[in-house]
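Structure first, commentary second.
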Amino acid sequence: MISRKLKDKMVHYTFFGIATFSVLIISFIFIFLFVKAYPAIDALGTGLLSKEWNISRNQFGILPAIYGSVFVAIGALIVAVPLGLGASIYLSEIAPNRIRMILKPLIELLAGIPSIVYGFIGAILLGRFLYDTFGMRGPNSFLAAILILGIMALPIIVSMSDDAMKAVPKDLKDASLALGATKWQTIRKVTIPAAISGITSAVIMGMGRAIGETMAVMLIIGSVMRMPVPFFNVFDTGNTLTALIAVQMGESHGIIINVLFAAGIMLFTIVAVMSIISDYLQVRTTEKFEGKR
Amino acid sequence: MIKKILGILKDDGECVYKELPNGMKMRIEDFDLWYGKTQALKSVNMNIKKNKVTAIIGPSGCGKSTLIRSLNRMNDTIPSVRTEGQIWLDGYDIYDDTADCVDIRRKIGMVFQKPNPFPFSIADNIYYGCQVNGMKVDKDEVVKRCLKQAAILDEISDRLGDNALSLSGGQQQRLCIARALAIEPDVLLMDEPCSALDPIATAKIEDLIHELKKDYTVVIVTHNMQQAARVSDYTAYMYLGELIEFGKTKQIFENPKEESTEKYITGRFG
């Protein structure tokens, strides 16, 4: 029979081991990325961050892809935030319980649709439609990518903002109503401000999804290593970091592989920064309601 | 015209005006309330006198909170609630189809069981009601006046910009009272305002209630019989959704007519 103390120790070390293991994996991935990217960083230096991409002339500037990633992510947010916020306000504050019970799972189901399906719809339906409507050069464009990514970011934004607003104590909403505020005044002045950290972190998670998405984007963005002209031209084609890696990976060798790993580091960094911001905001929400300032 | 001045009605539609006897602020008439299929209030009849404190007492689950929340239609926020009967305020039925909840709640302020200040600054908490009702008032003046009325100004006058959640529980509750006073209601409803507070904070709030009845009509729900005896002029005793006995506090506590009231008051059940 093992003593209780020993058992406790064993549990302690087992879980410590598991936690360490997952941290180690992340570190290995990062180290691996660096080792693999190093030859490109060494050989190209700041050329890596230029906008010139020409394989025959040995120019590998990934700036167009970085720009493309940020551009589609911001564009997707412009599409998804108003829609998502509106939908979550309706779900959490206005919809009768019966309708909420049907709608919320349906919206969350949108998150479960494989991204290739979105890409396919984007390429076949949306791309064609935009092509016909605006008389563009081809069915691929930033606009198509932005619209599809906006829809893909929607379920996360709706679901997380809804949770944030549902978490605002009913006491507060009652207090506002009892002071003669209308339902809309209560939503605008009490519920949304009280849930703002949660809503912001929902938006950032949505943006993370838009930046990390590969398959759907690859099918509709055009995969051209070029900055859009002018820089906000949504009808132009371009590339994103994820699509760049996915498209080039299969048929590349030599330094291009290292360049792709450098693109991976870039992506990793962007997403990591966003998730840190999101965590920070979550902590602040909790503090706000525990009375710390 | 009178209706407009009273601010109870949105338009001058057909509505019943019923003169309430002199000195009466509100009248509850044959009022029933259901949560889904459960009947929580059974044909309640009660009068609330102007500038008096009316206490509602009774064991847990007897419907006293439900009744007080009916007085400013806060139960409307619960989807399954259904009501029958009338509640009159200054001669107008607040459950009439033409009545507007927002206007009613402006006339009838409420303080809740748990202090529930907004996570804004103290001053913004007070000013909120004026803001949402579009009252054109001087913010500083309203904040000072209401905090003074709620007997808390001296304690916190140098911290008006601080977050309201940094106050102690008792201070938060007095802030909530001050906040309710800012919209200049006629009636103040208090749903067990001291249940989350310590004895010292409770004593402060009870003193405050004595002061408040000069300007307002106060209705207070309490599970503390000593409190009812100390602060109220009239007492209603409820049991299982029915109003068992209603009368002057002195009479209810010294000479109850109903056996059930006597048993509850003497602590033999409840």
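The values are calculated or read from the model by the stated rules, or taken from the named source; none is laboratory data. No experiment lies behind these values; they were computed from the predicted model shown. Backbone-built Cβ (ideal geometry, glycine too); neighbour counts: all protein chains shown.
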Test A:ILE245 against the stated conditions and say whether it is at pLDDT 85 or above, of a type in the set (A, V, I, L, M) and under 30 Å from B:PRO119 (Cα atoms).
no
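Which residue, of B:VAL111, B:VAL132, B:VAL143, is more than 10 Å from chain A (Cβ to nearest Cβ) and crowded, with 17+ Cβ neighbours inside 10 Å?
B:VAL143
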Inside segment B:146-166, the number of residues satisfying the requirement of being in a helix (DSSP H, G or I) and away from chain A (no Cβ under 14 Å) is 9
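Kindly indicate which of B:ASP97, B:ASP124 is more than 9 Å from every other protein chain (Cβ to nearest Cβ) and part of a helix (DSSP H, G or I).
Selected residue: B:ASP124, the only one of B:ASP97, B:ASP124 that is more than 9 Å from every other protein chain (Cβ to nearest Cβ) and part of a helix (DSSP H, G or I).
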B:SER260 more than 13 Å from chain A (Cβ to nearest Cβ), farther than 17 Å from B:ASN51 by Cα and buried (at least 17 other Cβ atoms within 10 Å of the Cβ):
yes
Do you know which residues across segment A:183-194 are modelled with pLDDT of 90 or more and either more than 19 Å from A:LEU85 (Cβ to Cβ) or surrounded by 18 or more Cβ atoms within 10 Å (Cβ to Cβ) (or both)?
A:GLN185, A:THR186, A:ILE187, A:LYS189, A:VAL190, A:THR191, A:ILE192
Can you go through A:GLY138, A:GLY122, A:GLY112 and tell me which one is farther than 24 Å from A:PRO193 by Cα and either aromatic (Phe, Trp, Tyr) or free of Cβ contacts under 8 Å to residues at least 24 places away in the same chain (or both)?
A:GLY112
Leading residue by the ranking (farthest from the other protein chains (Cβ to nearest Cβ)) among those in segment B:75-88 that are surrounded by fewer than 23 Cβ atoms within 10 Å (Cβ to Cβ) and among the aliphatic types (A, V, I, L, M):
B:VAL81
Somewhere in segment B:64-72, is a residue touching an Asp or Glu at 6+ places or on another chain (Cβ under 6 Å) and either crowded, with 17+ Cβ neighbours inside 10 Å or at pLDDT below 95 (or both)?
yes
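Counting only residues that are hydroxyl-bearing (Ser, Thr, Tyr) and at pLDDT 85 or above, how many does segment A:51-61 have?
Our first condition is that a residue be hydroxyl-bearing (Ser, Thr, Tyr); within segment A:51-61, this holds for A:56.
Okay, now just the ones that are also at pLDDT 85 or above, so none.
Here the count works out to 0.
Residues are listed down the side, and each one gets a yes or a no for (1) closer than 30 Å to A:ALA123 by Cα; (2) basic (Lys, Arg):
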residue	(1), (2)
A:GLY150	yes, no
A:ASP163	no, no
A:ASP171	no, no
A:LEU179	no, no
A:LYS183	no, yes
A:ILE199	no, no
A:GLY206	yes, no
A:GLY212	yes, no
Can you tell me how many residues in segment A:94-132 are of a type in the set (D, E, K, R) and under 17 Å from A:ILE146 (Cβ atoms)?
1
Inside segment B:188-197, can you point out the residues that are touching a strand residue (DSSP E or B) at 6+ places or on another chain (Cβ under 6 Å) and within 12 Å of another protein chain (Cβ to nearest Cβ)?
B:LEU188, B:LEU189, B:MET190, B:ASP191
Hey, which of the helices (runs of 4 or more DSSP H) in segment A:141-222, taking only ones fully inside, have at least 1 residues that are away from chain B (no Cβ under 14 Å)?
A:142-166, A:192-212, A:215-220
Can you name every residue in segment A:122-147 that is over 15 Å from A:GLY222 (Cα atoms) and β-branched (Val, Ile, Thr)?
A:THR133
Examine segment B:152-173 for a residue that is closer than 24 Å to B:VAL102 by Cα and surrounded by 19 or more Cβ atoms within 10 Å (Cβ to Cβ), and state whether such a residue exists.
yes
Residue count, segment B:1-54 (criterion: closer than 30 Å to B:ALA229 by Cα, in a loop (DSSP other than H, G, I, E, B) and modelled with pLDDT of 90 or more):
3
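Restricting attention to segment A:65-123, which residues are among the charged types (D, E, K, R), more than 29 Å from A:PHE268 (Cβ to Cβ) and surrounded by fewer than 15 Cβ atoms within 10 Å (Cβ to Cβ)?
A:ARG98
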Test for B:LEU197: is it within 21 Å of B:ALA55 (Cβ to Cβ), touching a Lys or Arg at 6+ places or on another chain (Cβ under 8 Å), surrounded by fewer than 24 Cβ atoms within 10 Å (Cβ to Cβ) and in contact (Cβ under 8 Å) with a residue 24 or more places away in the chain:
no
Across (1) of a type outside the set (Asp, Glu); (2) within 20 Å of the chain's Cα centre (by Cα); (3) closer than 30 Å to B:GLU29 by Cα, B:ARG82 clears everything bar (2)
